[in-house]
Amino acid sequence: MKEAVISVKNLVKKFGNFTANDDLNFEVYEGEIFGFLGANGAGKTTAIRILSGLSAPTSGDVTVAGYNAKKQPEQIKKNIGYMCQKFSLYEDLTVKENIMLYGGIYGLKKALIRERTDLLLEKLNFREYGDRLISDLPLGLRQKLAFSVAVLHEPKIVFLDEPTGGVDPITRRQFWEMIYEAAGRGITVFVTTHYMDEAEYCDRISIMSEGKIVALDTPADLKKQYHAASVEEVFVKIARPGNN
Amino acid sequence: MRTIFYLIRKEFIQIFRDKFIGKAIFGVPIVQMLILVPAVTFEIKNVRLCIIDRDMTTESRELVNQLEGSTFFKVTFSTFSEQEANNLLHKGKCDLVLQIPMGFGKETGNGNPVRIMVSANAINAVNAQLSWAYLNGVIRDYNRNIMAENTSGGTLPPVPQVQVTSRYWYNELLNYKYYMLPGVLGILVLAIGFILAGLNLVKEKESGTIEQINVTPVKKVHFIIAKMVPFLIIGLIDLAVGLIIGKLAFNIPFEGSIAILFLGSAIFLVAVLGLALFISTFSSTQQQFMFTAFFFIIVFILMSGIFTPLESMPAWAQKFDLINPAAYVMRINRMVMLKGSTFQDISTEIYSLMLIAIVFTALAIWRYRKTA
């Protein structure tokens, strides 16, 4: 049996009277790519924020990388990377300055940061962009860079909240190659997305609707179960509000 | 610990990459010093006087001459109609009306007391009070003269009287620039630190970059300190710029130790930055922060004692000033610069300010949430 690096039991998150996460239960195993699907407002972002220690659960038992999300959020933060839908590198810093900053925050040695910066720029064909401001980069490049920065410190888990929003298909493809590469290095990838073709790339997917997880399995099994040709069909069948 | 270094470096790069802020940091102190120091003054010159001389004797002429002879007064009108004089006062054409009654010369010649009447436009209470005081001074001199005249020629022995000779310590010439400048230095440091630091943090909230910081293991203390250090340094550089301008443009005296002045301002800045960051944790937009900051800055400055002495404020205001960092820095700046106070002389102020700085900074660290 594979080891669970994320374990969620009876997770509830309420904002006043509104229940954003309603009794979530799931596990994510080491090294897998776990897709988190759902319509807008289904509660994906709320869940991902709780898992990464940005938001405290109302109740339930959430363990990430061996630490309790309610009691030890700062311990969790040492072991994860995070990239959110709202682009969040510093736009008024250059590519290299951003990498240096986050490398430094995660406690990497200066020489190591330099080494990884070179490697990263090389790999992304970014060499000439090293001293450019983030604000001068096209969105696709920024997203790729943000992902690279999120895994710079080789975390156990990386959380990606709609990482490919608004990006062209070619860049999305490249982005997913990067995700596969990270997973190949043993980094667990937890990713939310709107794109159903991307869901096909995941090892397992869960589908959320109105704060609940309504389906969770491998894409192949889900398609079989719902007699559908694609994940998109599955999604339309079960995630449409009012269908469950 | 090393993370602080990376964070501070990032702040500095961002501050100086912003072309406007980079210039404003040095432009603001220069402009502020050159404008505020000479402009904010209580000195009164050329008080416009309207004279109603019903006596028209040599004695009354002499009093008017003496008034005119002083640099404070200028007789702009002369009339016999009280109504016209009041009209002039109403319309703001003159500041003071002086009525010399009939028989003024005769009575004073006989050594009898005489009443003259003064009406002042007190819309500006400070102005009215000061010109009133100046007028009193001139009349006192006049009194002394006639007393001397009355006694010298007569048989009466000279009247012994107490004469006051005044000497204004620490600012002998009562130069208001000397009085205002140390205070303006405090305002300068206050405004720059408060606004820049607070806006900086709120901007990170608005752009969402703070999320990316919050999801890292960075310690709250480190983050807040890294937000303070650059503005502490900038504030002290501005203080130095202000002092240099004070010396070059106004030749301000500097009696005390520069090190103590900087020590006081450094602690003051920590208090100000702590409060600014504390407030910015409540604000989600730059507007919200600016509105709140404006409130605090105005209250701090007006209650700091820069314009009005602390001692003349009501008791509750004096109590408030116990937690007003600007009130301490006003005293420290003035005492060190004009009086040459040593550390021992102002240790109470320094320690109180230190306590405030610690409390405000602790509040900012406590209120900053990495996990909502």
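Values in this text are rule-based calculations from the coordinates and carry no lab data. Not measured: the values here are computed from a predicted model. Reconstructed Cβ throughout: ideal geometry from the backbone, glycine too, with neighbour counts over all protein chains shown.
Taking every residue in A:106-119 and counting other chain Cβ atoms within 10 Å of its Cβ, the average works out to 1.
Under the convention that each Lys and Arg Cβ holds +1 and each Asp and Glu Cβ holds -1, the size of the dipole of the protein assembly as shown around its Cα centre is about 680 debye.
If the only charges are +1 at each Lys and Arg Cβ and -1 at each Asp and Glu Cβ, what is the size of the charge dipole of segment A:90-153 around the Cα centre, to the nearest 20 debye? Please report the intermediate quantities before stating the final value.
Working: 10 positive and 9 negative charges, 54 e Å.
Result for segment A:90-153 is approximately 260 debye, rounded to the nearest 20.
Working note: Debye formula, equal point scatterers on the alpha-carbon atoms of the protein assembly as shown, no solvent; log10 I(q)/I(0) at q = 0.06, 0.09 Å⁻¹ is -0.52, -0.84. Against the main long axis of the alpha-carbon atoms of chain B, helix B:325-334 sits at an angle near 60°. Inter-chain Cβ neighbour count for B:8-19, averaged per residue, equals 3 (cutoff 10 Å, partner chain atoms only). Remark on A:SER209: its backbone amide H falls under 5 Å from those of A:VAL214, a criterion applied only to residues 5 or more positions apart or on other chains, H modelled at 1.01 Å from N. Using the alpha carbons alone, the radius of gyration of chain B stands to its Kirkwood radius in an Rg to Rh ratio of 1.15. Along segment B:204-215 the Karplus relation, 6.51 cos²θ - 1.76 cosθ + 1.60 evaluated at θ = phi - 60°, assigns HN-Hα couplings of 5, 5, 4, 7, x, 5, 5, 4, 5, 6, 5, 8 Hz to successive residues, with x for each Gly and Pro.
Each of B:ASN143, B:ASN124, B:ALA85 was scored by the projection of its Cα onto the charge dipole of segment B:47-153, and the greatest displacement toward the positive side belongs to B:ASN124; charges sit on the C-beta of Lys, Arg, Asp and Glu. Note that segment A:84-174, at 4 °C in a medium of 1.567 mPa s, gets a Stokes-Einstein diffusion coefficient of 97 µm²/s from its Kirkwood radius over C-alpha pairs. Residues within the reach of a label modelled at A:GLU154 (point 7 angstrom out along Cα to beta-carbon, backbone nitrogen below 17 Å), restricted to segment A:186-215, are A:186-189.
Checking Cβ-Cβ separations below 4.7 Å across the protein assembly as shown identifies A:CYS84, A:CYS202 as cysteines lacking any candidate disulfide partner. Ordering B:PHE268, B:LEU322, B:GLY183 by the projection of their Cα atoms onto the charge dipole of chain B, which places +1 on the Cβ of Lys and Arg and -1 on the Cβ of Asp and Glu, puts B:PHE268 at the extreme positive end.
Extension gain for B:ALA362 to B:GLN83 (0.36 nm times residue separation, less C-alpha to C-alpha distance): 94.0 nm. The charge dipole of segment B:47-153, taken about its Cα centre with unit charges on the Cβ atoms of Lys, Arg (+1), Asp and Glu (-1) only, comes to about 240 debye.
Compactness of chain A, taken as the C-alpha radius of gyration over 2.2 N^0.38 Å, stands at 1.01.
Against the main long axis of the alpha-carbon atoms of chain A, helix A:139-150 sits at an angle near 90°.
Remark: segment B:224-232, residue by residue, has Karplus-estimated 3J(HN,Hα) of 5, 4, 5, 6, 8, 3, x, 6, 5 Hz, where x stands for each Gly or Pro and the curve is 6.51 cos²θ - 1.76 cosθ + 1.60 at θ = phi - 60°. Relative to the longest principal axis of the Cα atoms of chain B, helix B:258-282 runs at roughly 60 degrees.
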